[in-house]
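Any read-out appearing in this document is the output of simple, stated calculations on the displayed coordinates, not a laboratory observation. Keep in mind it's a predicted model, so treat the numbers as computed, not measured. No Cβ is skipped: glycine too gets one built from the backbone with ideal geometry, and neighbour counts run over all protein chains shown.
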């Protein structure tokens, strides 16, 4: 391989990693905003016992989305990344579940939570896709 080809390959690798790190940073901020938006939602819930109970469950699951995505970004191996991303998938799905409970129990109107629910579903799609990609890569490796 010529020096010019090496330079092109190196530039490609740098740009590929820059794109990934830029995406990771934006998604870290997005998951943190998701946590903060859920805290604000919790503060706006009715002051009933059932609203507190369900709201605290939502706070736990949504805050886990942000913290475990952050941990996934710091993973030391693909296995650790897969593990943390799997937790994010579970917690994002659980967040959607608690939002559905808030609506179906008539604690909050759907119109008051629809944007947050859409964001939870979007986060769920992204991290589910990332987990599948890692799983597919791990499954395609030859066994040693």
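Remarks
- Using a cutoff of 8 angstrom between alpha carbon atoms and counting only pairs six or more residues apart, the relative contact order for the range 3-138 works out to 24 percent.
- Nearest-0.05 FRET efficiency for residue 79 and residue 100, computed from C-beta distance (R0 41 Å): 0.80
- Span from the the range 57-77 Cα centroid across to the the range 78-135 one, whole angstrom: 12
- Full extension of the segment from residue 49 to residue 23, taken as 0.36 nm per residue of separation minus the current Cα-Cα distance, would add 5.4 nm.
- Cα-projected label distance for residue 114 with residue 136, points at 7 Å along beta-carbon direction, nm: 3.3
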